[in-house]
Structure formats: structure tokens, C-alpha cells
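Engineer: Take this structure, written in C-alpha cells, and hold onto it; I'll ask about it next.
The values are calculated or read from the model by the stated rules, or taken from the named source; none is laboratory data. Predicted model, so just to flag it, every value in this text is computed and none were measured. Glycine gets a Cβ as well: all are built from the backbone with ideal geometry, and neighbour counts include every protein chain shown.
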Amino acid sequence: MKKKFHIGKAILYTMLVLYAIVTLIPFLWALSSSFKNLEEIVSGTINFIPKDFTLDNYKQIFIEQEMFPRWLFNSLFIAVTVTLLNLLFNSMAGYVLARLSFPGKKTLFIIILAVLMIPAQVTMIPNYLILKQLGWLNSYQGMIVPVMINATFIFMMRQFFINFPKELEEAAALDGLSRFGIFFRIVLPLARPALAAQAIFVFMGSWNDFMRPLIILSDPAMFTLPLGLNTFKSQYISYWNYIMAASMVFTLPMLVIYVFFNRYFIKGISFTGGK
Amino acid sequence: MKEKISKKALREAGSSYLLLSPTLFVLLLFIIGPILFAVYLAFHKVELLGITSFEFVGFSNFEKILEDTRAKIALWNTVKYVIIVVPCQTLLALVLAATLNAGLKGEKFFRIVYFLPTLTSSAVLTLIFMWMYNQNGLINNVLKLFGFPTYNWLGDPDVALNAIMIMNIWSTAPFFMVIYLAALQDIPDSLYEAAELDGANTLQKFWYVTVPYLKPVTSFVVIMGLIGTFQLFDQSYIFSKGSGGPNNSTLTVVLLIYQYAFKNLGTMGYAAALAFALAIIILVATLLQRKFSKEESLY
Amino acid sequence: MSPKKWLATIGVTSVFFGSLLAGCGGENAEKKDGEGKQGEKVEVTLAGWGGNPTEQKLLQQTLDDFEAKHPNIDVKLEVISEQAQYMDVIKTRLIGGEGPDVFYLDAFEAPALIETGVLEPLDEYVTDDFDIDDFEKPLLDAFKGKDGKIYGFPKDYSTLALLYNKKMFKEAGVEVPKTWDELREVAKKLTKGTEVYGLGVNPELARLYHIAESKGGKVVTNNKASFADPKVVEALQPIVDMHLKDKSAAQPNEVGAGWGGEMFGQGKAAMVIEGNWAIPFLQDTFPNLEYGTAEVPTIDGKKATMAYTVAYVMNKDSNKKEAAWKLISYLTGKEGMKTWTSKGYALPTRKSVAAELGYDKDELRAPLVAGASYATVWQQGTNLPIIVNNFNNQFVSAFLGERPLAKALEEAQETANKEIESK
């Protein structure tokens, strides 16, 4: 897809760079703050290069927090499992809702949309009661099973599958592939960009999740990173130096995931059909 | 003949439900279950803590909403918020995605940089914004430089909500940008080639090929935007320390629900009623959106 | 087709919920029989919010000492890391019957929680050598229920004091104010445009309550809001005037600070009224700042300040009550309290411990300790959370000059009382 931006290419690049600055400044500021001491951060001055460059904040997080490796493992394990399950289950459901016909389809789709409209604040307590009844508080399954599907991304996958060319599937059906065969062998590989987007979001959602673990997990050994590192915040005193360092530690894995999946947003790799 | 069709339909229904089974399991147990419990709460006056009590009160929790001035203010704030934020973030996301998909040099770099706001944790974002929005902060300094009036961004009720809006658009647009980026990969080149043969320029191709093709995804983006903004909570909670002030200017419906559900004991039923009222409003907004966009394939 | 599905859905879930609700009661009874035998190791859970790293270490040290003394009791510390949401989490866990055995409870939340009946009255457990009279009485009274029983023992407290920047005072050539009138004059002299304000103000009821009631008005009457009383308005008006007319006071967020201590440390306020928590913060964060503390200035010759306190309370559903009491009595006993308050992060609620640690003679903490005798404890009946919420919401708008104070408070009072009545 070659584009010719004869006119306004310069303007376009200027705008791109300007917007990049707008998005980059807060991040750079947080990055530089993670190498500052608390006094310098709260002094309110606007400088991007730390006056007293220090690695103490990272040392505090990695070394003084004995539980850190454990929290990191918990977060990674939960996020990766949740992401894999979501990719599979949401795509299955999205495909069925986009392509197949079965009794109750319309109702189910409306329900999936409708549950998104109820704010989580009122379902938090009943949710907790259910997990308690299952004996899943303080456990990995309690953190994983209730979020192994996600109505938002079922909806998203459906919207993607609707656009897919039917012809390929029909041809595959003629070749004698079953529904499952079509789904796993033809449809899923085609959906790589959508799956990549979904993977980024589900991973991020799980990685950043705060309110759910706060309620479900009471044992520090089961804590996820956001929960563990949040102990640096207290009512009056916020250790912004640690929070900044912690937020960098949070952000890095997500950035890696994002960069990795970005490969699938390039024309040509994904799309082979659709003539 | 008739039998054959129904057999095929039966098989299709079977595989449908098999593929749906994980979804149905989680949906029933962890989503619909709690919601039904909330429905039950909405019709009762409840005390869940200690000596629990449930008293059936019919629709009185819903009637109370009509007399609750704070609920009206919260709804008005939220609607204002939705009307401004949803179109802005959708448009911004679409333009960003289209630009970053055009095969420009340095595209990869921009894609990563533009996504950073979504990655930055909300605690840090809040601090950064406190720092940028304060009286002697970055934004006021820039405004001063160009001779514009400066504002007390965080304190002044007239601008506090705007400050939150800007922050929200800036940090959620990249989320939708990624979805558009994914969707753009699926547009068949043949469509563009055909348009080029008709002599369409870049803008025309964007408008007549890209935008229509993205319709189902736009519909997703708008509906998710509606849901997300109608349920705005975090930012107004952080900015007002949970009170919704000054003068109710940052009070949103979900903040009000939260106050009733957790801060005051014994008003859980009313909170649930408010939540369903909100859900109905979102539903209506979604249907309106659907009507405007005339998308045939939503159901 | 679809009505049937609906029915099935509702059916499944209601069956599920039935078993759920039935199960709740059953399980607790089971537990009571099964555990807590003599000689076996008992695990007691203790929940609180996180503090700064030094504070956490102090608590851990106190708990280690306790475990050394009681080898058959293990204390499991559960840190609920977000203090703003601490009560939400505790309430949710209590509703689920999974509450911790012992937990922190702020005096502000105490009346409402005591009323629900989830807390264990502690009077029966108290022995003579626990020496209940040693506690500062107003702080202990904050955890008494309507029935006169004690539901918690205060672990520490702080009052408010005036913090002033010595350098700025010297430059302006002013004395530390003793009365609010003096403070107002001094603040004008200390202010330098929008760079430095004389006084940093936290426009919240928690910090203004004692001022609001200084002219004889009441903020709360019969568990309802009454802060629109002209006497309350008269008492609060000077604070608003300092911001709008004198331009000598500002709230922290106007200068980009998160709270008063930060504003003070950054040198953007010459005076703030803060508690003991500010002292270690300033020490850690702004070690070069030269400042002093003084008692909160008087109004009409009367001394007044606020006191904030937190207690250890026991879950009524706990099945390890004996061990839980041992823990509470150690943590709020003379020995445990001494360890916990030894570094000055919190002030001891026992007179004997305070005397032993000598905080009444500490240069920075003496005014805080002095305040304890006349402070108003931050607590007022079960409806205070609603009242506070509406007050804060509207007071800020008056503080910012959006509307007259009297009108703002009148509207806030009306909304608050409507909310209370319809509860």
C-alpha cells in the first residue's frame, strides 16, 4: 500500500511530532523521576534530568521488598494465563455470534452487551460472595476463572468477524472441513491483527487490575504487583520516588508485549485472502 | 428437504453452544449471577453488614432517584462528559490509526510513543496532571507565554470537568487507535485499487473506502466509548477525593453509586437501583447510536 | 425460544444463590467447633493499611515481640494497601464472613460499624493489669457504643498543630501567632503573590470542625447536619476571606502540591495546620527545612484542635477470640504501644507511655501532645460520612468564591439531611 502524500507531508510530520511530544512528556517525566530522590520530585521544579541521579528507588523495590519476586511471578502467571484463555474463548464466542445461527443468538448478544452497561460497583459484593462460596478467595483460580472471558472483547471479535470474507469459509466447508476445523485452521489465523489487539488489552487489563485483587487477595504471598507496590502510598505521605520506579517496573512488560504484537499490525503479513 | 435443513441447523446450533460453553459458564456464574443479586437488592432496603436485613420496598428505590437532586446533577455532568469525550476520542483514534497505517517513515516509533499514555499507571498520570494543571504549572505557563488567561484548573468547578475530559481523551484514544490499527489490516487492497481507478485522492479514499469498511469496528469503538464514559469513576474520584466537589461539578453517576454502595451503610439497595437506571440510559444511548449509524448488521 | 432461556438462567442462578445464602450461616458454626483447641498453634489475622516502610518495620517488630511471648499464636498480617478503600474492603470481607480477627478502625467510622453489630465488645476481656484508666479518656470514649461498652482500644492518635517556616517568619519579621486574628495578619505579611501563601488550608470538615464550632454553633445536631447555623458560618467565614479577600491562603492543589505538608515543605506556604504525620515526612523529604510547631491559635481566647485516632477492634465472628484479645491487649498495652510509638511516627494513647517516651518535652511534638487535653475527637454519630461528604463538596465552592458561604452551607445541609432522612 504505497501512499503519496505530495502536499502537506511536512505539515503532517510536524503534527505527528507535536503529538508525540504531548504523549512522551509525561512518560519521560515519570521515567526521570524514578531516578530522583523524593525531595527533588516534590519540590515541584520542572526538570527532566535528575540533579542527584540515584538508583535507590529501584533498589528499594527489588531488594528491600523481599516479596517482590513472588509478586512479579503472581502478576505474570495470572496475566499470561488470563490472556491465553481470553484469546481462545472470546474469539470462539465472537465467531459464533458473527457467523453461526442458533436459537437464542439475538438474546445472548443483547445480554453480552447489556452486562457491560452495569457498573461493577454494585456487583462487587455478590461476586465476592460467590468466590467465597467456591473457596476461591486468595487463589489463582479466583483471579483467573471469573475473567477468562470478557464481554468487551467478545463484542470486539464479533465486529471483526462480521467483516471477514465468507467465501473462504464456504470453500473450506466444501473441502469437507468441520466448523471447528474452519474456525481453528482458517478463521483464527486470519484474525491475527484482532487477536494481537486483544492480547495487548487483556494483558494490560490483568496486569493493571487493582480493585479485584485488593478485595480477593488478603495473603501477601498471593499479591500481584500493583497491590504489593501500592503499599508505598499512604494517606498523607506518598513515596513518589518509589511509586515512579514501581510504575516503570509495571510499564516495561506491557511495553514489551505491545511492541511484540505490533508486528501484526502491518499490512501483508496477516491478510492473504479476500479477493 | 425440510428435515435436511433442520438437521443442519441442529448441528450448527450444537457446535455454536459448544464454542460458547466457556463464555456461558463464566457469564452465568460470575456476571449474570451477581447482576440478578443486584436486581434483588434494587427492590429491597438492605443491610448486609452484621445483622442482615432485607425489606421489600417495591419500586421506592427507583422513585427516590427522581427526587434526588444529586442524581440529576450527576447525570447532567455525565451526559456533558459523554457528548464531548466520545466523538473526540473516536475521531482522534481513527485519525491516528489511519495516519500510522499509511506507510510513513518512523511509523513504528510513533505507534509506540502514541500508546504510552494508555500504559502509564493512573496514579502517575494523576500526579503528572496535578503538576501540569496547577496555578504555576506547565499549562498555565504555556498559556501565559501566548498571552491567554490562566485558570485554576483543579479548583475551579467550571474548568475541573474540562480538565478531566482532556486527560481522558488523551489517555483512552490510543486504546481505540490500536483497535482501528488492527481493523485497517483487513481492508482488501482491491477496494483501494478500484477507488484509485475511479480517480479518488487520498482523502476521498479514506472517506469512501476506509470509513465505511470500518463501520462495525467504529460501532464497537463508539459503544465501548459510551459505556466507558457513562461509567466514569476513577478520575473524578481522584480529583475530588471522593466527594464529587467542588459544588458537585465532578460528581458522576458511578461516583454517586459508589458513595451509596460503600460509604453509607444500608443504602446498597438504592445504589443498585441507580446502577440499573444508568444501565438503561446507556442502553438507550447505544440504540440511538445504532439508529444514527444505520448499521444493519449489529444484530 | 428466548423466554425459555431467560427462565433457565434465572432458575440456575437463584438455586445457586439459595445455596450460597444457606451456606454462609452453616460454615461459621462448623469452624467454631473445629478450631481453637488448647496447645495447638493458633493463627490470628490482623488487617490494617500500609504505612511507610519504617512504620511497617516497627509494626513487624511489635508483632515479633508478641509472637516470642506467645509461642502458640501466629499473627498473620494482612495489609490492605489502599487506605482510601480500606473500609470498602473490610466491609466486603465482613459481609462475606471472611473478616480478619483483629483490624484497624478509624474513630470516624466507628459509630456506624459498632451499630451494625459486627464488632465484639471487649469489656469482658479486660483485666486489672491492662490498666484501662491509663488511656486518654476522650480517645477511648470514641470507641464506646451507645450501650456504653468498649469496642476498641486506640492504638495511637494525632492532634493538629501549627507548623511555621522559621526562615520566612524571620524575613517578614513576624511572631508566631497565638490567636486566629493574629494569624490572619501574619499571613498577609508572609504572602508573596501566588508563589508563597501565608497559610495552606485544607478545606475539609475533618480539619475545620473545631473552627466551625468555635462560635457556639453545632455542625451536627441529633445525628443530622446543622452546619448552616449562622454561628458556624460566622466561624468559618474568616477562612474563606483569607483566600478570597486577603489572598493569603490557598489549598495545596492550587500550587500543585498533594497535601499541606508537601505545600509547606516546598516553601509554597509559610504556615500549615497539620498533625504528627507531617513531622517524619518533612524529616525524610525536606531535611533542610527549618520549621517550628505551635499550638493551634485560639479563637475568642479558647483553645481548640482536632484529634484523630485509630483503634484495634475484634471481629465478632472470629473463632479465635482468646488469641485475638491477647494480640489486642499486647498491641495496646504498655509494652507493645511503647515499641510501636517509639520512633515518633504516631503518638501513644496511654499517658504512661507518653510520659516515658517524653513526647511532651519533644521540641516539635510538645504542642501536639498539649492539644490532646482540649482536642475534639474526629467523630460524630453514624451519619457523619454523609454530612462530611456534602460539607466538603459545597464548602470548596464557597472557598473558591463561587457562591456565598451561607448559601453553600445551607444547600449542603439540606442535601445531607435529605439523604439522611431517606436512608
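Engineer: Suppose we filter C:Phe66, C:Phe103 for residues that are modelled with pLDDT of 95 or more and under 17 Å from A:Ile215 (Cβ atoms); which single one remains?
Structural biologist: One residue alone meets the criteria, C:Phe103.
Engineer: Being under 21 Å from A:Ile118 (Cβ atoms), buried (at least 20 other Cβ atoms within 10 Å of the Cβ), within 13 Å of chain C (Cβ to nearest Cβ) and touching a helix residue (DSSP H, G or I) at 6+ places or on another chain (Cβ under 8 Å) narrows it down to one residue among B:Ala261, B:Ala275; which is it?
Structural biologist: Every option except B:Ala261 fails the conditions.
Engineer: Please go through the stretch C:63-84 and pick out each residue that is more than 8 Å from chain A (Cβ to nearest Cβ), buried (at least 18 other Cβ atoms within 10 Å of the Cβ) and in a helix (DSSP H, G or I).
Structural biologist: C:Leu63, C:Phe66
Here's the yes/no breakdown for (1) in a helix (DSSP H, G or I); (2) of a type in the set (Asp, Glu):
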residue: B:Glu12; (1), (2): yes, yes
residue: B:Tyr17; (1), (2): yes, no
residue: B:Leu20; (1), (2): yes, no
residue: B:Gly58; (1), (2): no, no
residue: B:Asn61; (1), (2): yes, no
residue: B:Thr78; (1), (2): yes, no
residue: B:Val82; (1), (2): yes, no
residue: B:Leu91; (1), (2): yes, no
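Engineer: Here are some conditions: (1) surrounded by 24 or more Cβ atoms within 10 Å (Cβ to Cβ); (2) more than 25 Å from A:Pro126 (Cα to Cα). B:Val284 meets all but one. Which one does it not meet?
Structural biologist: Of the numbered conditions (1) surrounded by 24 or more Cβ atoms within 10 Å (Cβ to Cβ); (2) more than 25 Å from A:Pro126 (Cα to Cα), the odd one out for B:Val284 is (1).
Engineer: Something else now. If you go through the stretch A:162-175 one residue at a time, do you hit one that is facing chain B (nearest Cβ under 7 Å), outside any loop (DSSP other than H, G, I, E, B) and closer than 30 Å to B:Val284 by Cα?
Structural biologist: Yes, there is a match, as at least one residue in the stretch A:162-175 is facing chain B (nearest Cβ under 7 Å), outside any loop (DSSP other than H, G, I, E, B) and closer than 30 Å to B:Val284 by Cα.
Engineer: Can you tell me which residue is surrounded by the fewest Cβ atoms within 10 Å (Cβ to Cβ) among those in the stretch C:40-62 that are without any contact (Cβ under 8 Å) to a residue 40 or more places away in the chain and in contact with a strand residue (DSSP E or B) (Cβ under 7 Å, 6 or more places away or on another chain)?
Structural biologist: My answer is C:Lys41.
Engineer: Does A:Ile111 satisfy the condition of being under 20 Å from the mean Cα position of the chain (by Cα) and surrounded by 18 or more Cβ atoms within 10 Å (Cβ to Cβ)?
Structural biologist: no
Engineer: I've got another one for you. So which helices (runs of 4 or more DSSP H) stay within the stretch A:36-152 end to end and still have 3 or more residues that are farther than 29 Å from B:Gly225 by Cα, more than 14 Å from chain B (Cβ to nearest Cβ) and in contact with a Gly (Cβ under 9 Å, 6 or more places away or on another chain)?
Structural biologist: A:68-99
Engineer: Give the stretch A:167-189 a look and list any residue that's closer than 30 Å to B:Gly225 by Cβ and touching a residue at least 24 places away in the same chain (Cβ under 8 Å), or say none.
Structural biologist: Selection gives A:Phe183, A:Val187, A:Leu188.
Engineer: Still on this structure, please answer the following. From the set of residues in the stretch C:141-171 that are in a helix (DSSP H, G or I) and in contact (Cβ under 8 Å) with a residue 24 or more places away in the chain, which is farthest from C:Leu199 (Cα to Cα)?
Structural biologist: This residue is C:Asp141.
Engineer: I'd like the full set of residues that are hydrophobic (A, V, I, L, M, F, W, C), more than 7 Å from chain B (Cβ to nearest Cβ) and in a helix (DSSP H, G or I), limited to the stretch A:184-200.
Structural biologist: Within the stretch A:184-200, A:Phe184, A:Ile186, A:Val187, A:Leu188, A:Leu190, A:Leu195, A:Ala199 qualify.
Engineer: Do you know which residues across the stretch C:183-205 are touching a residue at least 60 places away in the same chain (Cβ under 8 Å) and away from chain B (no Cβ under 14 Å)?
Structural biologist: Matches in the stretch C:183-205: C:Leu183, C:Arg184, C:Val186, C:Ala187, C:Lys188, C:Leu190, C:Gly198, C:Leu199.
Engineer: Looking for something on the phi < 0 side of the Ramachandran plot, assigned to a loop (DSSP other than H, G, I, E, B) and not basic (Lys, Arg) - is there at least one such residue anywhere in the stretch C:271-280?
Structural biologist: yes
Engineer: Give the residue, chosen from B:Lys8, B:Lys105, B:Lys72, B:Lys45, that is among the charged types (D, E, K, R), in a helix (DSSP H, G or I) and either buried (at least 20 other Cβ atoms within 10 Å of the Cβ) or touching a helix residue (DSSP H, G or I) at 6+ places or on another chain (Cβ under 9 Å) (or both).
Structural biologist: Going through B:Lys8, B:Lys105, B:Lys72, B:Lys45 in turn, just one is among the charged types (D, E, K, R), in a helix (DSSP H, G or I) and either buried (at least 20 other Cβ atoms within 10 Å of the Cβ) or touching a helix residue (DSSP H, G or I) at 6+ places or on another chain (Cβ under 9 Å) (or both): B:Lys72.
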